[in-house]
Amino acid sequence: MREYSQLFIGGTWVSPSSDGFVEVLSPADQAFVGRVPAVTTEDIDRGVAAAREAFDNGPWPRMSPAERGAVIARVSELLAERGDELAHLISEEMGAPLSTVYTLGNTPSHAVLDFYAGLADSFPWEETRMGQFGQTRVVKEPLGVVAAITAWNVPMFVVFNKLAPALLAGCTVVIKPALETPLSAFPLAQMFADAGLPEGVLSVLPGGAAVGEHLVNHPLVDKVTFTGSTAVGRRIGALCGERLKSCSLELGGKSAAIVLQDADLDMYMPMLTMASLMNSGQACVGQTRILVPRSRAAEITEAYVAAVAEMKMGHPSEMDTELGPLISARQRDRVEGYIASGKEQGARLALGGGRPAGFDKGFYVEATIFDQVDNSMKIAQEEIFGPVISIITYDTEDEAIRIANDSSYGLAGSVWTSDVDHGIEVAKQVRAGTYGINWYAFDMGSPFGGYKNSGIGRENGPEGLDAFCETKSIIMPMGHV
Ligand code: NAP
């Protein structure tokens, strides 16, 4: 049990401005997991004021990138010490199987912290160019006070994914993690304090939508970085547009795995089940449409269904559990609505479709596979965010690419083939921000983000750091070389 009574505001633990609490119950069995203070707009104001003061007058933006990088490297060391504790906490609060939390939480969190700590020395903070009149010095400066708002599905990773580049750039940050998973935010905040982050630089305030919107609208905030649904991203983008605030949006997806005629699925089936059903289907990059050539449709569907049927559904705390509960009753109802819609619109249920026996207390839904899906159906067009897969048949490779692109989203995709060079050609024709060949993975050193309704901007890689910088050109007097 974890019960917190203080909030992390301006780099220190202080009493909240209200006496309300939010209780966290396990999505697996409804057991009490912990409780945190209810965050109010007043707490947000305190966090933003501290961040503004720390940015305008504090040491952090004026320290060298190497000094800031050292703090981020220290957080990675602290995570190594506290990683098991955090993995268990996240598994309990969001219901993700423990093994999933290690794969999608701990490992990429280390990777992103280490990547940005390492980038401190090699990023081109200053560059001299020969301009029209002589030399121009192009300088990267910290963008200012950042408001970061994150989703619950990989709670630790998405927070580090914003904090590491924003802090390395020299920004100060108020982060609002999702209210569904507030508990992990507390030890995470403590790690930054223990790593020596100066006063005022960071506030971690897991509140609800109303405090999130207050944060976005706050006049002292310079930039908003958001990870969450397209619907909320649209709202945040509009608010930032009105205020001419810099804004980057990491949103939803409906990614397609294109299985080509020459794919060796004996070899790659475990990768395909992982790519399509990671995090019990609660992944923005999930390859939830599987496009198969007509001549191999029956064989591939049979093999995929057999592989998914073998995946172990269980309590998240058991290390061999591969599929856990969904985050909430509301999300389970939503997913069940999509399953009903698939049936109504004429898709064939090849696996699952109901609630599994023996899991009465949690928000479990069976891994569900539809085949004979037409790409115009709701289950193929909308992000479900649950373990529901659509298998769609194509006749030619051009048709497969057209179907992959027939989506309002453009976050990710993959192609499955024995010819990697040909796979690269296919990847170039799909309008999506990241792409995998015979797997889906993303790399912290490479940009990640969405085309179309999947977002604006890029995280990760040097591009992810640039997103928290302003760029200034200092033009030397004529003739200066
Ligand atoms: P969500 O409902 O959009 O919420 C995301 C965050 O925004 C939460 O912290 C939420 O607070 C907050 N929020 C909600 N309404 C707001 C408003 N009007 N103003 C400011 N903040 C507001 O998304 P979710 O259900 O947490 O997460 C699932 C979605 O995230 C999926 O669509 C998934 O694809 C996407 N996602 C994308 C990526 C990516 O990198 N592209 C990564 C992970 C997830 P509350 O918690 O209180 O609602």
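The values are calculated or read from the model by the stated rules, or taken from the named source; none is laboratory data. Since the structure is predicted, the reported quantities are computational estimates derived from the model, not experimental observations. Please note: Cβ atoms are built from the backbone with ideal geometry, for glycine as well, and neighbour counts cover all protein chains shown. Side chains included, ligands, DNA and RNA excluded: accessible areas come from the protein's heavy atoms. Shrake-Rupley method; radii C 1.70, N 1.55, O 1.52, S 1.80 Å.
Here are the numbers for this structure:
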read-out	value
Square roots of 5 times each gyration tensor eigenvalue, C-alpha, the range 216-274, largest first, Å	40, 10, 8
Kirkwood-type radius of the range 270-351, with distances r between different C-alpha atoms, in Å	14.3 Å
For the chain, size of Cβ-based charge dipole, Lys and Arg +1, Asp and Glu -1, in debye	1220 debye
Length-normalised contact order of the chain in % [C-alpha pairs under 8 Å, at least 6 apart]	19 percent
Pair MET130, ALA210: separation of 7 Å Cα→Cβ label points (nm)	6.2 nm
Other-chain or far-sequence residues with amide H under 5 Å of LEU323's (modelled H)	LYS312, MET313, GLY314
Lysines with Cα under 28 Å of LYS472, excluding same-chain neighbours fewer than 8 positions away	LYS140, LYS162, LYS223, LYS245
10 Å-binned pair-distance histogram of the range 1-151 (Cα, whole percent)	9, 24, 33, 22, 8, 3, 1
Label-point gap, in nm, between HIS88 and SER295 - each point 7 angstrom along Cα→Cβ	5.5 nm
Area projected by the alpha carbon convex hull of the range 397-460, averaged over all directions, nm²	4.2 nm²
Cβ-placed point charges (K, R +1; D, E -1), dipole of the range 1-140 about Cα centre in debye, nearest 20	640 debye
Relative contact order computed over the range 310-463 (Cα-Cα under 8 Å; 6+ residues apart), in percent	14 percent
The chain - Kirkwood radius from inverse mean 1/r over Cα pairs (Å)	23.2 Å
Mean Kyte hydropathy of -1.0 or more with a Cα span along the axis of at least 27 Å, helices from DSSP in the chain	65-94
17 Å cut-off, amide nitrogen to a point 7 angstrom out along GLN30 Cα→Cβ, residues in the range 307-334	325-333
Residue-normalised accessible area of the chain, expressed per residue, 1.4 Å probe, Å²	39 Å²
ASP194-GLN261 pseudo-label distance in nm [points 7 Å out on the Cα-to-Cβ vector]	5.7 nm
Size-normalised alpha-carbon gyration radius of the range 126-167, reference 2.2 N^0.38 Å	1.88
Distance-filtered residues of the range 25-58 - backbone nitrogen under 20 Å, label point 7 angstrom along LYS472 Cα→Cβ	52-58
Antiparallel bridge percentage (DSSP; both residues within the range 1-156; nearest 5)	85 percent
Surface/4 estimate of mean projected area, convex hull on alpha-carbon atoms of the range 245-317, nm²	7.3 nm²
Gain upon complete extension [LYS378, ARG234; 0.36 nm per residue less C-alpha separation]	49.8 nm
Ellipsoid semi-axes in whole angstrom, largest first, where each is sqrt(5λ) of the Cα gyration tensor of the range 134-196	29, 13, 9
Most positive-pole-ward Cα, MET313, GLY358, VAL388, against dipole of the chain from beta carbon charges	VAL388
Magnitude of the charge dipole, the range 271-424, Cβ model with Lys/Arg +1 and Asp/Glu -1, debye to 20	560 debye
For the range 22-39, 3J(HN,Hα) per residue [Karplus equation, 6.51 cos²θ - 1.76 cosθ + 1.60, θ = phi - 60°, Hz, x = Gly/Pro]	10, 8, 10, 10, 5, x, 7, 8, 6, 5, 5, 9, x, 8, 9, x, 6, 7
Segment ALA329-ARG2, extension gain: residue separation times 0.36 nm, minus the distance between their alpha carbons	115.5 nm
Antiparallel DSSP beta bridges within the chain, percent to nearest 5	45 percent
All-pairs alpha carbon distance profile, the range 262-404, 5 Å steps from 0, percent	2, 10, 20, 24, 21, 13, 6, 3, 1, 0
ILE392 long-range amide H proximity, modeled H, under 5 Å	ILE290, LEU291, VAL292
Under 5 Å, built H, 5+ apart or other chain: amide partners of ALA148	VAL174, ILE175, LYS176, THR225
Cα coordinate range in the range 201-351, projected on the principal axes (Å, largest first)	58, 35, 35
Helix-only CD estimate at 222 nm, as mean residue ellipticity for the chain, using -39500 (n - 2.57) per DSSP H run (n ≥ 4)	-12000 deg cm²/dmol
Cα-based convex hull, the range 345-481, per residue volume (Å³, whole number)	198 Å³
For the chain, Cys with no neighbouring Cys Cβ under 4.7 Å	CYS171, CYS284, CYS469
